[in-house]
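Right, one structure below, let's go through it.
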Amino acid sequence: MRRTLLAVFTVIGLSGCQVSQLLPSPDNGFTCITGDMGEWMMLEQHYQQSRPEKKAAMLKQAKDDNQIIIQAMLLSQPDNTTAQLKRSIELFEQLDLDKAPQCDAEQYLLVRYQYTQAVMTLQRALNTADLERKALSAERDKLRQQIEALTRIEKDLSR
């Protein structure tokens, strides 16, 4: 009986070791991007409320300190230029974000990345619509001039 119990516990112990080897660990599982999301959100809010000179200083400081996450987040603000949004997307891509992140900070960064891509898409659509509106306005003005010219010719002929 003792031998049986010893054999059972040995088998359970060995199988438990094998199972634990399959669980994620820092060495062979996922790794999380860590950071203080509260601090990130405060920086974003401060950036949004700042004057252009302060915004430039914040971006320069993040770049000088090689803070890729902070740079990406600050550059991803919706009222930034298209070039800044593009740079933000490049920085987010450098982070190599997991498409199904296990960590809150990485999930937040992935959402910010996707949001920035959506803002870029929206800006492109607005730019395209603006260009089309300008082209249509120019065509309308051209037609208006032609109508005015025809009206003048018609008046001259009727005299």
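Selection within the stretch 92-106: residues that are out of contact with any Asp or Glu (no Cβ under 9 Å at 6 or more places or on another chain) and in a helix (DSSP H, G or I). The member of this set that is modelled with the lowest pLDDT is Asp104.
Based on this model, can you work out whether Ala57 counts as in a helix (DSSP H, G or I), open to solvent by 50 Å² or more (accessible area, probe 1.4 Å), of a type in the set (Gly, Ala, Ser) and more than 19 Å from Met120 (Cβ to Cβ)? Here the answer is yes, as Ala57 does meet what is asked. Being open to solvent by less than 40 Å² (accessible area, probe 1.4 Å) and either over 23 Å from Ile68 (Cβ atoms) or acidic (Asp, Glu) (or both) is the filter here; which residues of the stretch 85-135 pass it? Within the stretch 85-135, Glu106 is the sole residue that qualifies. Considering every residue within the stretch 63-76, establish whether at least one is at pLDDT 90 or above and farther than 30 Å from Thr121 by Cβ. Yes, some residue in the stretch 63-76 is at pLDDT 90 or above and farther than 30 Å from Thr121 by Cβ.
The values are calculated or read from the model by the stated rules, or taken from the named source; none is laboratory data. Quick caveat, the model's predicted, so the values are computed rather than measured. Cβ coordinates were reconstructed from backbone atoms using ideal geometry, including for glycine residues, and neighbour counts include every protein chain displayed. Heads up: the accessible areas ignore ligands, DNA and RNA and are worked out on the full protein's heavy atoms, side chains in. Shrake-Rupley method; radii C 1.70, N 1.55, O 1.52, S 1.80 Å.
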